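The values are calculated or read from the model by the stated rules, or taken from the named source; none is laboratory data. Keep in mind that what you see is a predicted model, and the values were worked out from it rather than measured. Positions of Cβ are generated from backbone atoms using ideal geometry, with glycine treated the same way; all protein chains shown enter the neighbour counts.
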Amino acid sequence: MSRRMMIGVTGATLLIAAGLLLAQPGPGGRRRPGGPGFGPPGGRGMESKPPLAKGPAEQKILDMLNDMNRNERGGNMNVPIEDGRLLRLLAESIGAKHVVEIGTSNGYSGIWQALALKATGGKLTTFEIDEGRAAMARQNFQRAGVQDIVTLVLGDAHEKVADVVGPVDMVFIDADKEGYVDYLNKLLPKVRPGGLIVAHNITPGMADAEYVAAITTNPELETVFYSQGGGVSVTLKKRALN
Ligand SMILES: C[S@@+](CC[C@H](N)C(=O)[O-])C[C@H]1O[C@@H](n2cnc3c(N)ncnc32)[C@H](O)[C@@H]1O
């Protein structure tokens, strides 16, 4: 290889590596505004655009999510829009038939996932300990027209998840931070190989160190971190290789 070619190849490799680093800083990394990928505006032509409905059924749910985003965020601790979009994308792309969510709140993230499950023919089981927020969620599931594919379980998810019947395709954990390891331990055996465990608020200062260790030191699992929104870990329960 000529010297000029070698310089060119090295330069291209460095550019790709820099792009990957900007896109996916780890849990200890800093958010880099303007980095590529979906996320808040400010990128160099690569920022996400609002979701475009493929038809009226999708538009109805997106309108509902927009309305919740504008009017119901206060006190409900909802995921940012880009994390809702990520949840929908993950659930739909793995063809999820059963998603389990810990921490329903008023149903915002649940409706993002229900959007995927409407397309895959799947269902959502979601757990909430607070009666008031659970009541709001029930109303919101009804308004979004997803009540038939959502089961809301009221109570302490640490106890109630024992009743979940597998196989589960995807778990989304977004509740008491110190409880994440317990949820992982109880639900991982019910997740199918090739399924995902997604956790929210995996950021320095918020993430439980034990949970981060549990998802990054187990050879059965593969984990990546996204910090564009509220800090999300995405963990794959690996299949056996042929
Ligand atoms: C951050 S909010 C969830 C937000 C929701 N995922 C969304 O984005 O719309 C956390 C919720 O978890 C609930 N929660 C906390 N501990 C819980 C437990 N042990 N069992 C069930 N729900 C719990 C809280 O009441 C709260 O509504």
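Key figures for this structure:
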{"read-out": "Count - residues of the stretch 87-100 that are under 9 Å from the mean Cα position of the chain (by Cα) and either outside any helix (DSSP H, G or I) or over 17 Å from ASN66 (Cβ atoms) (or both)", "value": "3"}
{"read-out": "Among (1) crowded, with 18+ Cβ neighbours inside 10 Å; (2) at pLDDT 95 or above - the single one GLY132 does not satisfy", "value": "(1)"}
{"read-out": "Any hit, the stretch 100-107, residues being within 13 Å of the ligand (Cβ to nearest atom), in the same structural domain as ALA209 (by TED's automatic domain parsing) and of a type in the set (A, V, I, L, M)", "value": "yes"}
{"read-out": "The lone exception for ASN185 - which of (1) surrounded by 22 or more Cβ atoms within 10 Å (Cβ to Cβ); (2) assigned to a helix (DSSP H, G or I); (3) within 19 Å of the chain's Cα centre (by Cα) it fails", "value": "(1)"}
{"read-out": "Single residue of ALA137, ALA96, ALA114 found to be more than 26 Å from LEU236 (Cα to Cα) and in contact with a strand residue (DSSP E or B) (Cβ under 9 Å, 6 or more places away or on another chain)", "value": "ALA137"}
{"read-out": "Candidates ARG138, ARG133, ARG143, filtered to the one that is basic (Lys, Arg), away from the ligand (no atom under 14 Å from the Cβ) and over 18 Å from the mean Cα position of the chain (by Cα)", "value": "ARG143"}
{"read-out": "Odd one out for GLU72 among (1) of a type in the set (Asp, Glu); (2) away from the ligand (no atom under 12 Å from the Cβ); (3) under 23 Å from ALA135 (Cβ atoms)", "value": "(2)"}
